[in-house]
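The values are calculated or read from the model by the stated rules, or taken from the named source; none is laboratory data. Not measured: the values here are computed from a predicted model. Backbone-built Cβ (ideal geometry, glycine too); neighbour counts: all protein chains shown.
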Amino acid sequence: MSKRTIEMAVGTAGIDAYGQPIRAPLSVRSQGALALEAPYEPELESDHMLINIGPQHPATHGVLRLVLELDGETVVRCVPHIGYLHCGFEKIGEYRQYNQIIPWTDREDYLNSIGNNVAFVLGAERLFGIEITPRCTVLRVIAMELSRIMSHLVWMGTTCIDIGAFTPFLWLYQERENLYNLLEGWVGARLTTTATRVGGMAAEIPDGWMDGLNAFIRNFPKTLNESDKMLSKNGIWMGRTVGIGALTAEEAINCGMSGAMLRASGVAYDVRKDFPYLDYETYDFDVAVGTSGDVYDRYLVRVEEMRQSIRILEQAVQRLPDGPLNVDDPRVILPPKTKATSQMESMIHHFKLVMEGPRPPIGEVYVPVESPKGEKGYYLVSDGTSKPVRWRIRPPAFVNLSAIPRMVEGHLLSDVIAINASIDIVMGEIDR
């Protein structure tokens, strides 16, 4: 199935549903072929059809509404509508202490909750001027790579459902369940983890937890290879993804793409490599890069990213040091409960932290990380009080989704589902 681009010219048949002049197709060009000029014949003209996909539709991956203008089955125009899930996270954050904001980060991209937790406290710690312990650094790397794999498993499994493959969905979700069991054993929660604190983590890993992680590292590549084998050379899968929704490197950069959306177009930008954090510059891993920038390349990039995450996890397990998990700073870390109930000074620290909250110096920071969907950034402004004056999220899914009209126009209606799936959106992050 080749991509088609449709040239349009303003006609005189009236005003459409958007209040714009109705436009009639002049020519159809096949990508990579000679232009075939089709004469405009008014007697063959048909009315364009407006349809809604969403906001309540399983293939929109949340409450996204796409208003499509169709000429037959070809998309002439696409207008995305967002905001159905707006919760005002950023405004709420201005009335919360820094640690109290962490539960809100769970609910942005809720498929990457522990990764959001880590990203936010990295920004807060830079604002406070805190340097975390070596053990905490490695555990956060483990948390972020597990979260990346979990998010990609959901993306790959649901994309299989969208395109019509069911079996890999079951395999991949079983592995996701194994990861959720690991998270539950660590912090007691599965989806919304609230696993970090400014200066450390909410909990130490329990005895035997690393055995479960090593078992996952050992077994998961087999499942991933099975799914790869079932899909990558499958004629139906390739027919629905190759050449669909392609963006050139220049287009992807101009649209502000990041993550797999950008790398699939051939741009090797990865925050872990270009702006390292958590000592990522000391880990040996490759940045997966595509060539065509289509749905198929985005699939291949994310599959390879999961393999690279396993490589990072193997190295993190080997280098995990002993020692304290949290910084030894009573300004930001609660004392142990045994001390808070037996020592007056510890009780005072506990009371002041809970009631007043830690106070960073005046300043502002922006800290980006490589989330599963691209560059996730947190911008924080402090006026010296215990609550930020401004908390701003740079959501990669929001920016990536903005390119959907460019990607779907000229394609068939059925291709819209595959293209939308390839963006990997979560509406909690987009609407915020």
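All of (1) farther than 22 Å from residue 257 by Cα; (2) surrounded by fewer than 22 Cβ atoms within 10 Å (Cβ to Cβ) hold for residue 360 with one exception: (2). Of all the numbered requirements in (1) touching an Asp or Glu at 6+ places or on another chain (Cβ under 7 Å); (2) among the hydrophobic types (A, V, I, L, M, F, W, C); (3) modelled with pLDDT of 50 or more, residue 24 misses one, and that requirement is (3).
Any chance the stretch 318-333 includes a residue that's in a loop (DSSP other than H, G, I, E, B) and over 19 Å from residue 134 (Cα atoms)? Yes: the stretch 318-333 contains one or more residues that are in a loop (DSSP other than H, G, I, E, B) and over 19 Å from residue 134 (Cα atoms).
Check whether at least one residue in the stretch 158-168 is closer than 20 Å to residue 108 by Cα and within 16 Å of the chain's Cα centre (by Cα), and report yes or no.
First, the residues of the stretch 158-168 that are closer than 20 Å to residue 108 by Cα: 158.
Now narrow it down to the ones that are within 16 Å of the chain's Cα centre (by Cα): 158.
Within the stretch 158-168, one or more residues are closer than 20 Å to residue 108 by Cα and within 16 Å of the chain's Cα centre (by Cα).
Residue count for the stretch 342-370 satisfying the condition of being assigned to a helix (DSSP H, G or I) and among the small types (Gly, Ala, Ser): 1.
The set of residues in the stretch 148-185 being touching a helix residue (DSSP H, G or I) at 6+ places or on another chain (Cβ under 6 Å), farther than 24 Å from residue 375 by Cβ and either in a loop (DSSP other than H, G, I, E, B) or among the hydrophobic types (A, V, I, L, M, F, W, C) (or both) consists of 160, 161, 163, 169, 171, 172, 182.
Cβ-Cβ distance below 6 Å, separation of 6 or more or different chains: which pairs start in the stretch 150-170 with a residue that is in the same structural domain as residue 416 (by TED's automatic domain parsing) and end on one that is among the β-branched types (Val, Ile, Thr)? From the stretch 150-170, the pairs are 162/417; 169/161. Inside the stretch 371-405, can you point out the residues that are in contact with a helix residue (DSSP H, G or I) (Cβ under 7 Å, 6 or more places away or on another chain) and not in a strand (DSSP E or B)? If the condition is that a residue be in contact with a helix residue (DSSP H, G or I) (Cβ under 7 Å, 6 or more places away or on another chain) and not in a strand (DSSP E or B), then 372, 373, 388, 395, 397, 398, 400, 401, 404 are the ones that fit.
Might you let me know whether the stretch 172-187 holds any residue that is on the phi > 0 side of the Ramachandran plot and either in contact (Cβ under 8 Å) with a residue 60 or more places away in the chain or crowded, with 17+ Cβ neighbours inside 10 Å (or both)? Explain how you work it out, then say what you get.
Filtering the stretch 172-187 for residues on the phi > 0 side of the Ramachandran plot gives none.
No, the stretch 172-187 contains no residue that is on the phi > 0 side of the Ramachandran plot and either in contact (Cβ under 8 Å) with a residue 60 or more places away in the chain or crowded, with 17+ Cβ neighbours inside 10 Å (or both).
Do we have any residue at all in the stretch 190-203 that's in a helix (DSSP H, G or I) and touching a residue at least 24 places away in the same chain (Cβ under 8 Å)?
Among the residues of the stretch 190-203, not one is in a helix (DSSP H, G or I) and touching a residue at least 24 places away in the same chain (Cβ under 8 Å), which makes the answer no.
Out of everything in the stretch 52-74 that is under 20 Å from residue 164 (Cβ atoms) and touching a Lys or Arg at 6+ places or on another chain (Cβ under 9 Å), what residue ends up being surrounded by the fewest Cβ atoms within 10 Å (Cβ to Cβ)? So, considering only residues that are under 20 Å from residue 164 (Cβ atoms) and touching a Lys or Arg at 6+ places or on another chain (Cβ under 9 Å), the one surrounded by the fewest Cβ atoms within 10 Å (Cβ to Cβ) is 57.
Taking the stretch 248-301 only, how many residues are part of a helix (DSSP H, G or I) and farther than 30 Å from residue 200 by Cα? Steps first, please.
Going residue by residue through the stretch 248-301, those that are part of a helix (DSSP H, G or I) are 249-254, 260-263, 271-274, 280-282, 295-301.
Now narrow it down to the ones that are farther than 30 Å from residue 200 by Cα: 249-254, 261-263, 295-301.
Going through the stretch 248-301 one residue at a time, the tally reaches 16.
Got at least one residue in the stretch 223-240 being surrounded by 13 or more Cβ atoms within 10 Å (Cβ to Cβ), small (Gly, Ala, Ser) and part of a loop (DSSP other than H, G, I, E, B)? Yes, because at least one residue in the stretch 223-240 is surrounded by 13 or more Cβ atoms within 10 Å (Cβ to Cβ), small (Gly, Ala, Ser) and part of a loop (DSSP other than H, G, I, E, B). Please work out which one of (1) surrounded by 21 or more Cβ atoms within 10 Å (Cβ to Cβ); (2) aliphatic (A, V, I, L, M); (3) part of a strand (DSSP E or B) is the condition residue 421 fails and give its number. Among (1) surrounded by 21 or more Cβ atoms within 10 Å (Cβ to Cβ); (2) aliphatic (A, V, I, L, M); (3) part of a strand (DSSP E or B), the lone unmet condition for residue 421 is (3). Here 176, 240, 218, 190 are screened, and the one residue that is under 19 Å from the mean Cα position of the chain (by Cα), farther than 30 Å from residue 329 by Cα and basic (Lys, Arg) is 176.
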